[in-house]
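Chemist: This is the structure, below, for whatever I ask next.
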Amino acid sequence: MKTLDSYKKTDFILEALLVILAIGMVIPIYYLLITTFKSSSEATLHPLWLPADWKFSGYADAWKAMNYPRVFLNNLFITVSSVLGVLLFASLAAYSFARRQTRLNNLTFYFILIGVTIPFQVATIPLFRLIRNLGLIDNPLSVIFIYIFTLISFNIFLIKNFMNTVPIELEESASIDGCGVAGTFFRITLPLLLPVIATVAILNTLTTWNDFFTPLLFLQSREKGVILLEVYRNIGKFAVDWTAFFPMMVLGIAPLLLFYVFMQRFIISGIVTGAVKG
C-alpha cells in the first residue's frame, strides 16, 4: 500500500510537470495567434488578453504585402521538384549499391556518405562560385540542384539499408520471367520501398519548405522569392510592427501545418520505419 501511494505521488508530480511544460509550449503559439487579430496599441497594453474587437485586416494586408500566391507557388515548385529529384536519384543509386556489391561500388558508397558529415555552410563559397559560373544565380533551378545534391547522401544511406531487407529472390524470379533491370526495379522493388519512400518524401519536404538560408543566397529578386524570404523582407529595419509581422508568420507556416495534419499518420509511421530499418 505504501508503495502504491508513493507511486501515485510520483505519478501526480510527473503529470503536473508535464502539464506545466505543455502550457509553457502553448503560450507562445497562443500569443502569436491572438496578436494577429489585435491593433498595435491593444497588443502592447494587453499582450495575453483576447482581442476586444477581432480584426482580420492583418491577414489581408500580409497577403497583399507578401504577394502570397506568387511566393506560395515558388515555394511549392522548388519543394516538389527537389523532393522528386531526391527520390529518383537516391532510389536508383541505392538500388545499385544494394544489388551490385562490388569493391568499386562499396568504395563509392562510403565516399558518398562523406557528404553526410560535411556541413552545408562549409561549402557555401565554392557553391556560390559554381552556381554563378553556371549562370544560375536568381534561378530556382540553382536551389533545386543544391537541395538534391546536399540531401541525397543521407537518403541513399536510408534507402539502401531498407533495400537490404527486401528478398532478392523476388527480383530473381522477375528476371527468370524475362523482366529487365529497369522493369525489375520499377515493377518489383520500388513498390516494396513505399514505407521508406514516404519517410524520405516527408522529411525532405519539411527540410526544403522551411529552409531560409539557401534561397537567401541564390534567389535575389522578389519575383523568384519564397515565403520565408518575403517574411524576412517585410521586417522593418529599425522597428517591427508585430501585429503586421505575425500574420505573415502564420501564413508562412499554414501550408506546412496542413501538410502535417494530413500526413501525420505517415510521418509517425515513416519515422518509426526509418529508425528501425535504418
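The values are calculated or read from the model by the stated rules, or taken from the named source; none is laboratory data. What you see is a predicted model; the values in this text were computed from it and never measured. When we count neighbours, we look across all protein chains shown, and the Cβ atoms used for this are built from the backbone with ideal geometry, even at glycine. Heavy atoms of the whole protein, side chains included, go into the accessibility calculation; ligands, DNA and RNA do not. Shrake-Rupley method; radii C 1.70, N 1.55, O 1.52, S 1.80 Å.
Chemist: Name, by its number, the condition in (1) in contact with a helix residue (DSSP H, G or I) (Cβ under 7 Å, 6 or more places away or on another chain); (2) in a helix (DSSP H, G or I); (3) modelled with pLDDT of 85 or more that does not hold for residue 136.
Modeler: In the conditions (1) in contact with a helix residue (DSSP H, G or I) (Cβ under 7 Å, 6 or more places away or on another chain); (2) in a helix (DSSP H, G or I); (3) modelled with pLDDT of 85 or more, residue 136 misses (2) alone.
Chemist: Another one. Filter region 122-139 for residues that are surrounded by fewer than 19 Cβ atoms within 10 Å (Cβ to Cβ) and in contact (Cβ under 8 Å) with a residue 40 or more places away in the chain and give the result. Explain how you work it out, then say what you get.
Modeler: Residues of region 122-139 that are surrounded by fewer than 19 Cβ atoms within 10 Å (Cβ to Cβ), as a first pass: 122-126, 128-130, 132-139.
If the condition is that a residue be surrounded by fewer than 19 Cβ atoms within 10 Å (Cβ to Cβ) and in contact (Cβ under 8 Å) with a residue 40 or more places away in the chain, then 124, 128, 136, 137, 138, 139 are the ones that fit.
Chemist: For region 25-73, which positions are assigned to a helix (DSSP H, G or I) and open to solvent by less than 40 Å² (accessible area, probe 1.4 Å)? I'd like the intermediate steps shown before the answer.
Modeler: First, pick out the residues of region 25-73 that are assigned to a helix (DSSP H, G or I): 25-35, 40-45, 57-66, 68-73.
Within region 25-73, 32, 34, 35, 42, 43, 58, 62, 66, 68, 71 qualify.
Chemist: Could you run through region 77-121 and say how many residues are among the β-branched types (Val, Ile, Thr), assigned to a helix (DSSP H, G or I) and more than 18 Å from the chain's Cα centre (by Cα)? Let's see the steps before the verdict.
Modeler: Of the residues in region 77-121, the ones among the β-branched types (Val, Ile, Thr) are 78-80, 83, 86, 102, 108, 112, 114, 116-118.
When the remaining residues are screened for being assigned to a helix (DSSP H, G or I), the result is 78-80, 83, 86, 108, 112, 114, 116-117.
Okay, now just the ones that are also more than 18 Å from the chain's Cα centre (by Cα), so 108, 112, 114, 117.
Total meeting the criteria: 4.
Chemist: Could you list, in sequence order, the residues of region 153-173 that are closer than 23 Å to residue 75 by Cβ and either in contact with a Phe, Trp or Tyr (Cβ under 6 Å, 6 or more places away or on another chain) or crowded, with 20+ Cβ neighbours inside 10 Å (or both)?
Modeler: At the first step, the residues of region 153-173 found to be closer than 23 Å to residue 75 by Cβ are 154-155.
Selection gives 155 alone.
Chemist: Sticking with this structure for a sec: May I ask you to verify whether residue 215 is of a type outside the set (Phe, Trp, Tyr) and more than 25 Å from residue 47 (Cβ to Cβ)?
Modeler: Working: of a type outside the set (Phe, Trp, Tyr): yes; more than 25 Å from residue 47 (Cβ to Cβ): yes.
Considered against the rule, which asks whether it is of a type outside the set (Phe, Trp, Tyr) and more than 25 Å from residue 47 (Cβ to Cβ), residue 215 comes out as yes.
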